[in-house]
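Report on the following structure.
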Amino acid sequence: MKKIDEAAGKITLKHGPIKNLNMDEEEMTMVFRVADPAVLKQVKAGDKVQFEVERQTGGLTVTKLQKAK
Ligand SMILES: [Cu+2]
């Protein structure tokens with residue numbers, strides 16, 4: 001994870017393919033909304049994270065986020 005914007009509830013992530021969004025790119029960096037900004041307290045920029053993302057009315061939204069083990 002590259003960057004956290006806690007005030008805006010957004011994160012910048014570098015990610016690989018995401019099947020449910022039909023993103024096949026090998027690797028790209030993009031900004032996502034976070035459904036529950038409270039999860040941002042558990043991670044910091046530079047952490048490797050696992051996440052789930054859905055296409056919602058407000059845009060691509062991270063619904064689960066945790067530090068990768
Ligand atoms: Cu992407």
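The values are calculated or read from the model by the stated rules, or taken from the named source; none is laboratory data. These figures come from a predicted structure and were not determined experimentally. Glycine also receives a Cβ, built like all others from the backbone with ideal geometry; neighbour counts cover every protein chain displayed.
Some notes on this structure:
- Among the criteria (1) within 16 Å of the ligand (Cβ to nearest atom); (2) at pLDDT 95 or above; (3) in contact with a Lys or Arg (Cβ under 6 Å, 6 or more places away or on another chain), the one ILE11 does not fulfil is (3).
- Count of residues meeting criterion [over 8 Å from the mean Cα position of the chain (by Cα), aliphatic (A, V, I, L, M) and within 16 Å of the ligand (Cβ to nearest atom)] in segment 31-52: 1
- Condition broken by LEU60, with the remaining ones in (1) aliphatic (A, V, I, L, M); (2) in contact with a Ser or Thr (Cβ under 9 Å, 6 or more places away or on another chain); (3) modelled with pLDDT under 95 satisfied: (2)
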